[in-house]
Amino acid sequence: MRFGKLTVAGRGEDRVSSSGRRRVMWDCVCDCGNVVTVNPDNLHSGRQRSCGCLQREEAGARLRTHGESKTKLYGIWSSMKARCYNKNTVAYKDYGGRGIEMCDEWKHDYDAFRKWALENGYRDDASIDRVDNDLGYSPENCEWVTGVAQANNRRSNRVYTVDGETHNLTEWAHIKGINPKTLFNRVYTGVPFDEAIKQ
């Protein structure tokens, strides 16, 4: 039997759900050569037509059609995928390396990400930011922010409390009217924070 690019090779190893229900699975060979084990319901319904390569091909075709590959927004989308899935990317350890992923809707469909971006405040001087840094990239957990706002939200930012008031380094710099780089250098070289924030 053939479904899209998948040809059924035989019965695969059954899977048992958390409730103890046993589900029959099929081993299928994709036209691209990959072997995958799939739920036959997904084959009969048309929800799965390949090992995943078909979605990538269709996404590539859409990119070639709409000519977005050189835009800043497409670059943001590509960078997100690299941080989450490319182990050779410098930032991978802080993203994919600690379980941060993209939702399936965005991971496989740039158009879906672009539509969300344009409907939710994207502009060329903004960056995408996760509301909860322990969760992945999805419409529910992302927003567009300016560079300053995103810098204030980084996991690496330390907070300092002086006279009962707590802020991160960047916020203290703005409050005290000090260049953030100057304040960072003072703290980095060992100046006590309550002294570093003095003009």
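The values are calculated or read from the model by the stated rules, or taken from the named source; none is laboratory data. Please read these numbers as outputs of a predicted model, since none were measured by experiment. Quick reminder, even Gly has a Cβ in these numbers, built from the backbone with ideal geometry, and neighbours come from all protein chains shown.
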ask   = Just checking, how many residues over region 34-57 are at pLDDT 90 or above and loosely packed, with under 11 Cβ neighbours inside 10 Å?
value = 1
note = Flagged pairs (Cβ under 8 angstrom, 6 or more apart or on separate chains; first in region 183-199, in a helix (DSSP H, G or I) and among the β-branched types (Val, Ile, Thr); second surrounded by 10 or more Cβ atoms within 10 Å (Cβ to Cβ) and modelled with pLDDT under 85) are 187/169
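Would you confirm, using the coordinates I've provided, whether residue 67 is at pLDDT below 85, more than 17 Å from the chain's Cα centre (by Cα) and on the phi > 0 side of the Ramachandran plot?
Yes: the conditions hold for residue 67.
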query = Restricting attention to region 11-33, and to residues there that are loosely packed, with under 12 Cβ neighbours inside 10 Å and assigned to a strand (DSSP E or B), which single residue is farthest from the chain's Cα centre (by Cα)?
reply = 22
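Could you please find all residues in region 1-10 being of a type in the set (D, E, K, R) and in a strand (DSSP E or B)? Break it down into steps so the answer makes sense when it comes.
If we filter region 1-10 for residues that are of a type in the set (D, E, K, R), which is where we start, we get 2, 5.
If the condition is that a residue be of a type in the set (D, E, K, R) and in a strand (DSSP E or B), then 2 is the only one that fits.
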key: One residue from 77, 116, 106, 144 being in a strand (DSSP E or B) and surrounded by 14 or more Cβ atoms within 10 Å (Cβ to Cβ)   = 144
Evaluation of residue 83 against (1) among the charged types (D, E, K, R); (2) within 23 Å of residue 124 (Cβ to Cβ); (3) modelled with pLDDT under 85; (4) in a helix (DSSP H, G or I) (one fails), failing number = (3)
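Considering each of 176, 93, 181 in turn, give the residue that is at pLDDT below 90 and within 17 Å of the chain's Cα centre (by Cα).
Every option except 93 fails the conditions.
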